[in-house]
Each structure stands twice: as C-alpha cells, then as structure tokens.
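Engineer: Handing you a structure now.
Derivation of every value follows stated rules applied to the coordinates shown; laboratory data play no part. As the structure is a computational prediction, the values presented were derived from the model and not from experiment. Positions of Cβ are backbone-derived with ideal geometry, glycine not excepted, and every protein chain shown enters the neighbour counts.
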Amino acid sequence: MFAGTWTLIKLILRRDRIKLPIWILSAAGFAVLMVPLLVKTTGSAASLAELATSMQLNDVVKLLTGPLDQATLGGLFLVKTSLYTALILAFFNTLLVIRHTRQNEELGAQELILSGRASRYSPLLAVLTVALVSNILITALMGLGIATIANEWPVGQSWLYALSMGGLGLAFAAIASIVAQLTETSSAANGILAGVIGATFLLRGAGDVLGTVVAGVPTPAFWSYLSPFGWMQLTHSTTFGYWWPLLIPLVFCLAAVPCAFWLLARRDLGAGLLPGRRGRARASRLLRTPFGLTWHLQKNVFMGWLVGNLVLVVVIGSMSNQMDKVYSASSQLKDFIISLGGSGAIEKAFLSAMLTYVAALTLAYVIQSLGKLRSEEVSSHLENLLATKLSRIKWLALHVATALTGGAAMLALSGAVLAISVNVAGGGSADIWAYTCGALSYWPLLLVFTGVYVLLFGILPMAASLVAWLGLCWVVFVGELAALIGIPNWLRDLSPMVHIHPAPAEAIAAGPLIAMSLIGLALLAVGAISWYRRNLAEQ
Amino acid sequence: MNIIETKQLVKKFGSLAALDGLNLTVGEGEVHGFLGPNGAGKSTTIRVLLGLLKKTSGEATLFDEDPWGKSVTLHKKLAYVPGEVNFWPNLTGGEIIDLLGELRGGLDEKRRASLLERFDLDATKKFRTYSKGNRQKVALVAALSSDVPLYILDEPTSGLDPLMENVFQEEIRDLKKQGKTVFLSSHILSEVEALCDRVTLIRLGKAVSEYTLAELQKDHKNLEKLFLSKYEEEQ
C-alpha cells in the first residue's frame, strides 16, 4: 500500500538538502537564542514586575503575544517567543507538505513517479514522515538548547516548551495534508493555509482577550480550543507546566491524517476535490494590454493580502469596544488609562500602533508581489513576453507600479476601514480621514523596500526575495522587541519603520517621509538600469 | 492473454466525457500504435491504464488486472514515458534516471550506460538546463534501461532530432525482438508505420478503427492518407 515511500523520502531529502537544515536550525535557534537575550535585558525583579503590570493589563499584548501568566522570566519568555516560534513551525510544516504533494502534481513530476512502483499514497506518507522527523529534530534541538541555557525554570519545562512546539508543527502538517487534496494548484493550497494560520492565530487571540483568570491561571475563552496555537498555549510550558495538553495535537493528527488519505483515495491525479473552473474563450480587452496582463498576474496576491489586512483591522476596530468595557470594569485599569492621558488618547495611541501592523502586512504584500519579477523570469514566461514589442523597462515598471499602487490602496483602505469599524462596531469615534492619512504615511516604507528589491533584482536577482523578507523580519522584530531587548540605537535606526511617527496619535512628520521616498526612487533607478543591462536568466 | 484491454471504457470529467466507450486490445509482444487528433483522449486512456485516473465505467485491464486497484504490482511490469517531461530543476538528469529506475525496481547498468551514449545525453547537467529534446531523452533513457514486459510511450519523440529518432526506432525494434510489448501514442506517422504491428485510431474518446499494418498497406497507400481520410470525412 505504501510502496516506494523510502525512495520518495530520499528524494525529498535530496531536493530540500539546503531548505530543511535552514528551517530546522532557525526554528530551534530562535527560541533558544531568545533566552539569554531576555535574561540579559530584563534586569531586576522590580523591572520585571513593572513590565508585567503593564502587560497583564494590555489586550493588544494578549491578542498578539498571549496573556502573561506570571511576573517571572518564564512568563516573559512564553509571551515574547511562543507565538513567534509557533508561527515559524506552522509555515515550515505547511510549506513542506504542499511542496512535496500538490506542487509535484502540478509540475507533472508526480505522474512519472506514480507510473513506477510507488503507490498513490506514498508521496503523502513520505512527506509526512519527513515532517515528523523534522519536528522531532526541532523539538530535540530546542529542548536541549533551552534546558542547557535556562536556569530560571525547571529542565522539564524547557522540554515541555519544545514538545508543545513539535505538537503544533505536526498539527499544521496534518492540516496541510488535507488542504493538499482540495485544490488543483499549490499556490491556492498555500493561500488557503496562510488563511488558516492567520485565522487560527486570531481565534486564539480572541480566546485570550475574552479569557478570564481562574485560580491564578489565565484561562482562554473557548475560541482558543479550536486553534493549534491555543493548544500550544494551554501547556503554559515555562510557567505552570501542564503536560496533558500535549495530547490534543496528537489526537488531532490521528484523526486528520487518515482523513487526508481517505480524500486522496477518492480523487484523480492532478485533480482537486474543489473543481477547477472553466475560463473565458477570449481575452478581455483589459487582458490584451501589458498592464492587463500584469494585473492578471498580480491580482490574487493583492486580494489575498487585502482580505488579510481588512480582517485584522475589522477585528481590532470592533474590539476597541471590548477594550473599553475591559478598561471600565476594572478600577485598576482605569487608573492605568487615566495615567496615560484619558480614554480618548489611549484609544488613539492603541489604534495608531495597530497601523504599524497594517504597514508590516502591506509590506509583506509588496515583497510577495515583487517576487513575481523573479518567478516570471525563471519560469521562461518572461522570455515569451520580451520576444514581443514589450520592453524590459516597461515590463519592470508595470510590476513595480502595480505593487506600489496596490500597496497604497491597501494602506488607505485598511486605515479607513479601521476607523469605520471603530465607529460602527467599536462604539468609539475615529476620524476616517486621519486614519487613512496615518496609514498612507507608511507608503515611503514600501518605496524604500521596493527600491532595495529592484536594485537586487538588477544586480543579484537570486538574493532579492530573501533579503527583502529578512528586512521585513527585522522591521517587525525591531518594532516588537527592540525596546524590550535594548539593542543599540544605530542598529535600531536601520529599520526604516522607526523613522515614521505613529499617526494619527502623533503628527505626520514630512521630513523622514520625503527622505525615504528619495532614497527609494534612487535605488529604483539604479536597479532599473542594472536590470536593463543584465542577461536574462538561463533556462 | 491481452496485455492491455479496455471494453466500453468511459472517463468523465464533470459532464465532459473524455473517453466515451473505448474498446482497445493490445496483445503480447506487439508494438501497437495509438493515433488520433489532439484532444481525442489518448493521454487520458494512458492515465487510466496507469491508475492515475479512475475510470467512470466500463472495463480496463492491464495484464488482466485492474490498474486502479493493483497499480503498484502492475507498475513493476511497465515503464512509462510521458508526453511532457517535467522535473525539479535542481536535480541532474542522471539523478532523475536513477530515481525512476529505483521506482521501477532497478536499472540495467549496462543499458543505462549504452543508452546515455547512444542518445548522446550528458547526465551531469541540471534538469533546468536541458532543452525539450534532452528532457525527453532523460525519460526515454530511464524507461528503456529498465527490463520490463510493457513499455507505454506517450508521444516520446516529439522533441527529438532525426538522428535521435533513428536511435529510438532501433531501440524499439530491439525490444520487439525480445518479445516485449510496446504501446506507442504518436503523431509521427512515419514512425508508427515503421514500428507498429497494429494501430488503433481514436476520435472523441472512441476507437474508430483498428488495422494491422498488412491490412493498412493493402487498402491505403500510407498511414497519412488513412489518417487524413478518416478524420476529414467525419468532420
């Protein structure tokens, strides 16, 4: 029934000989390296307690990092690392499973493989085996690393932390193995899975925000029980240390993986269970223009990230009501808010901070959208296009303009919808125009990244996407953790985001925005010239 | 025993019938040509025979067994060359040949070496750097270096130059001498004429006629004339 699995496992290891070690080391390494960073920077017990007070009261912290269990280093470690580590594992597992199942079918390679002595179940079993072993390796490295470095909590709890991450990774591998059966293309499958990861992340965020404290233990509302992230949090690994929730992802996998095989047994090779639709017989008038083609290639990426952004701002906007209730229910909280300058001001500061998340998501959209430059080039689609009257520079300009215009539209819409949802569902009053402008003030950030991307595309195309994604990680990392860890100022200033004043809580400062735009345009120009001069990638 | 047999084979994709009652027999030791216009259902037939697609109704057997249920056992006895050869760009031709060989239960090392030489294929190049013809050679070398009773070839030579086409024909004749069965779907009519004992013509998912080469040579001047008359009259 599973003939050929071993051969296919070797094939996966050969194909991913570079990707797998990088993912495994970075997933384990991130959590391990955060331990000394936190220990070094948290300082005294008093500053820890102070930090804890502000965090425990903050719903934004709860939404994005989970509740703080206790004012210990273990509690802080959990809040500051667990969901990030979990996200790395979630993306690692889903991308891995799709790459070796649906993507192979789409490519046509699976056809030739399955014409050999390999059962139709073997490719899925092979990749799940690789996923299992990779997760075990990550767990082992992470557990060993943290247990060695951390003295602040028991060794067993370090292992519990690692095991809860391994369990989460397996749960997402199982989810991916089902989604792989549903769609015809790997990009659709990856899109659905990114949505599932986002939705389950938000579900547990809602669970944490609406949760209560039972006998000193933060207990989430039931939403969290629907999410693998929530299951991971239930272990409270480096604080209270509960072992039983490790069973939840295991039981889930035992139920979900057979479902995937059951679906697999019922479909043709290359087909999905969700039917592929028929298309038009003629190209629309729009599609016949170079811009139309560019938009056709870009629109799914745009729509995907737009939906993601809108879900985020609607959730945040309508939660501002909830926050108000939470604040007014507790006199302690009320004092905290008053100390910060009244309810109106805190709402504005909170919402302005949320716009930085909108900016980060939009930046991710722009990077993925620019990724088309490279994928079109290496897939030889570009060769066909440039053999027509379309010029290189026009082709580049169309994609860049689409990404930047799309980014502007996404920022403006997200800012406006944030304000509208505060007004409609959040029971507050927010100036729609001010939030639209506030969101748009992050546009020069997109321009700088676009400049860097196009420059690299011109001179070192292989590295463009990698550098851009690392840059985005840096921007998010600095925004989230820099203050906490206390990195040197010059390092912090490397992130363009810190130079943008959070509007509308603060006035928009034109100087940095103009400077960033000029830098971006200059990089763009140099990049375009290098692209004009270089060879097209060899097929 | 017929190596391949289908009776009233139907495969539907939604409401569209790609195969609509196909009857086909291929006997042991036969080189059988499979002809038809684009979209007639040739590749669909082959994919059903390989157990990659599930038939909607009718019968399809390979070595008297069900290709969907017994796919793995059956695949030990066959080698397949698809019309479009796609592989991961970062593996070399040699690696792909070995992988496919392993999945077919081993390669004949001598044959592998001699085929690489005869087809003039550099096995150390990455797959992405191969031209269309060379990609097809990778699949051909992989298939022909395994010792199996049945070879299923789906337009295997559409990218080969005339020199390589010659090598291919010699290799197929060699297989025939050894008593192997070859099921060859092709648009290169001279190739079919030169190699096949019998041909089946299909149209709209049905077999329209079946000939031995002798019958064919008696009634029609050549295969191209027959092909054109068959499909032009029905248009």
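Engineer: What does the helix-only formula give at 222 nm for chain A: each DSSP H stretch with n ≥ 4 adding -39500 (n - 2.57), the total divided by the residues, and the result rounded to the nearest 500 deg cm²/dmol?
Structural biologist: Taken over chain A, the calculation gives -25000 deg cm²/dmol.
Engineer: Sort A:516, A:497, A:410 by Cβ crowding within 10 Å, fewest neighbours at the top.
Structural biologist: A:497, A:516, A:410
Engineer: How high is the relative contact order of chain A? Use alpha-carbon pairs under 8 Å, at least six apart in sequence, and give a whole percent.
Structural biologist: Normalised by residue count, the contact order of chain A is 13 percent.
Engineer: A further question follows. To the nearest 10 degrees, how steeply does helix B:162-177 sit against the main Cα axis of chain B, on a 0 to 90 scale?
Structural biologist: It works out to around 70 degrees.
Engineer: Shifting gears a bit: Order the peptides B:140-148, A:237-245, B:114-122 from the highest to the lowest mean number of other Cβ atoms within 10 Å of their residues.
Structural biologist: Order by mean packing, descending: B:140-148, A:237-245, B:114-122.
Engineer: Hey, what angle do you get for helix B:93-103 against the long axis of chain B, alpha-carbon based, 0 to 90 degrees rounded to 10?
Structural biologist: 60 degrees
Engineer: Another question, then. If you wrap a convex hull around the C-alpha atoms of the protein assembly as shown and split its volume per residue, what is the figure in Å³?
Structural biologist: 180 Å³
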